[in-house]
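Since every read-out is calculated from the coordinates, none of them should be taken as a lab result. These numbers were taken from a predicted model, which means no experiment stands behind them. Neighbour counts are summed over all protein chains in view; Cβ atoms, including those assigned to glycine, are modelled from backbone coordinates with ideal geometry.
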Amino acid sequence: MVAPPPKTDPLATPLVRGTADDECSIMKRLSISAEPISFFRELLPSTEFNDLLFWPSVVLSESLLWKECDLLAKNLLHSIHFCLIDDILPVKLISVLNDSDYLKIVEILQKGWNEGYLRTTNDRRVIFDHSKLISNWLKSIEEFIHERAIKDAPELRKAQLNAAISIQKHLNKEEKKQQKDDDWETEKPSKGGKGANKKNRSGGGSSHQTSSRSGKQKAATESNISNKDLLSCASPFTSDELFTELERCHSSSDFQIPDTLREEIADDFIAEVNNLYRSFVTEVWEQQLHQTTAEEQQAQRQAFEQRLNKISDEYAAICLFEKGADYFEEDQLANDLRIYLLRSLCTELSHSLLYTISDLNLSQQSPPQPTILNNKQRDHLIDSLESVEMKKCSRQLFNSFDTLEHFHEAFQRLTAMNGLKLKQPDRKERTQKLDLFGKELHKQMLECTDPPTTLLLTVILCFQLYYRIAIHASGKFVSPLIHFLSMGTSAIPPDLVNLLNEIQHLVVASIKHKGESSEKIKNDLMEKLVNLIAFFSYFDQEEKQEVKEEE
């Protein structure tokens, strides 16, 4: 059954044909009860009917009106990547639209856009290409972000380093506390008799709990370090600041960002701005790290050469001390002095050399290296060396402390690889170094306030003065060295030998005795030391007089 055509007002046809849009409310005022689609299908030819767009509040011509609106929308989306829908519609049309109409417009624009998905604000008044819009905005204010990154980079770096140091101190403190707790648990007596420790002896129990607790603590610490990464949390820009700068960059054009679009995209935009800012800061840090001027390179080279020269001087001193130990021929004292030399100066010098060749950022302001590295520090430095051959030679050096011959061979091989050719001092150089060594010993002896140390310095000075040898020794060598000086073949004056023996007995007695007797020993010791210093002061004056007469 076919429904009869709707009754229409004769004035309706010219109204429709004469305008590009018709309000649906007009149909109601004209008492047209039919649905707009049915009404216009009966009223218009099919070609004109097919050109109509039916929205909730209005019917409009696609060719006469919407086509132009759609073209304007696409031009805006291509140029600024967002479109305020009211900007593409006639003012007269806007006045009759409701939310349902805007939703319909959004659907049409999204369907006709072939370059990705268009998003819209919550009120459906703005439609935009999210990724292109943010990318375009970032590009517009990139210079602004970059300038801020350059300005902030130094302070951020300083703050990040301070935070890292603080975290490391906290980590060290926690590790020490954990170690103390573990030691306490290990030493704590068990309860329950013989069977109480079976669980621990079998590999379970408290050791497993300690390991688990340590693992959790380490994970928590690592998480804390991650959370303390200042750069990843850096967010120096406010929303208003960014949008103000964005509009300033587009001040030459009629560019204004709708408030609803700001609210919709602000979080995503700020997040991308912060990512770009952090990448710029990181880039600045890397540039500062790798941008080394010619003057800085020269300063680094000079610092490296100064360290190598110092190593060369210290190596020459070792050779001098080795010569002094050889004076005692095959005596046990000679062997003990060589072993002490290997374990002290040779070991320290090897660590100093390793530290120098592994330090890639040498400068005169760099902190002093530790005298002795632990095994973990030493292995870490060796592993940091770029050359496989240098790593091999470094390990050979630290395995060469069994004899001085092996040490010399390994040490000279490693220094040669770094451009430092060592040689043992000749007779003239040895004489000069020996004289300097004696003067330094004499100065230290006069300034020293510790009796045992004063005695040690004096004994070594005696060998320098009367035997023309340099000795590297500690307090445990005082007794055998004085015994050597006391032999009948000694070139040292008998009065001085007797004084040294007396001081040695008093030093030992002062260490062993306490109370009233110690006061007398202390007074006697100080009296003997005054005589000792007076003896060398007189000797020093005689030496100066001889030099003056020779001149």
Problem set entry | Computed E for Leu53/Ser279 - FRET, C-beta separation, R0 60 angstrom, nearest 0.05 | 0.80
Exercise. Quick one: length gained pulling Asp450 to Thr431 fully straight, 0.36 nm per residue minus the C-alpha distance?
Worked result: 3.9 nm
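Sort segment 296-417 into rounded, prolate or oblate with this rule: let a ≥ b ≥ c be the square roots of the eigenvalues of the Cα gyration tensor; rounded if a/c is under 1.5, and if a/c is not under 1.5, prolate when a/b is larger than b/c, oblate otherwise.
Values: a/c = 2.26, a/b = 1.72, b/c = 1.32.
Since a/c reaches 1.5 and a/b is larger than b/c, the shape of segment 296-417 is classed as prolate.
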Problem set entry | Model label zone, Glu272; criterion: amide N under 12 Å from point 7 Å along Cα-to-beta-carbon; scope segment 115-130 | 129-130
For this session: Could you list the GluC sites (Glu not before Pro) in segment 86-147 that lie in coil according to DSSP, counting only those with at most 15 other Cβ atoms within 10 Å of their Cβ?
Result: Glu115
Exercise. If each of Cys233 and Glu386 carries a label point 7 Å out from its Cα toward its Cβ, how far apart are those two points in nm?
Worked result: 3.7
For this session: Mind scanning Lys169/Lys391; Lys323/Lys423; Lys310/Lys428; Lys74/Lys132; Lys421/Lys476; Lys428/Lys476 and naming the pairs with a C-alpha gap bigger than 24 Å?
Result: Lys169/Lys391; Lys421/Lys476; Lys428/Lys476
Exercise. Using the alpha-carbon centroid of each, what span in Å lies between segment 397-459 and segment 46-64?
Worked result: 103
For this session: Please give, to one decimal in nm, the separation of the simple spin-label points placed at His513 and Met487, each 7 Å out from Cα toward the Cβ.
Result: 3.2
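Could you tell me the calculated FRET efficiency between Asp87 and Leu64, based on Cβ-Cβ distance and R0 = 22 angstrom, to the nearest 0.05?
0.70
Would you kindly state how much longer the chain becomes between Ile150 and Asn136 on full extension, computed as 0.36 nm times their sequence separation minus their alpha carbon distance, in nm to one decimal? List each step's numbers first, then the result.
Working: separation 14, 0.36 × 14 = 5.04 nm, distance 2.19 nm.
Length difference between fully extended and current span is 2.8 nm.
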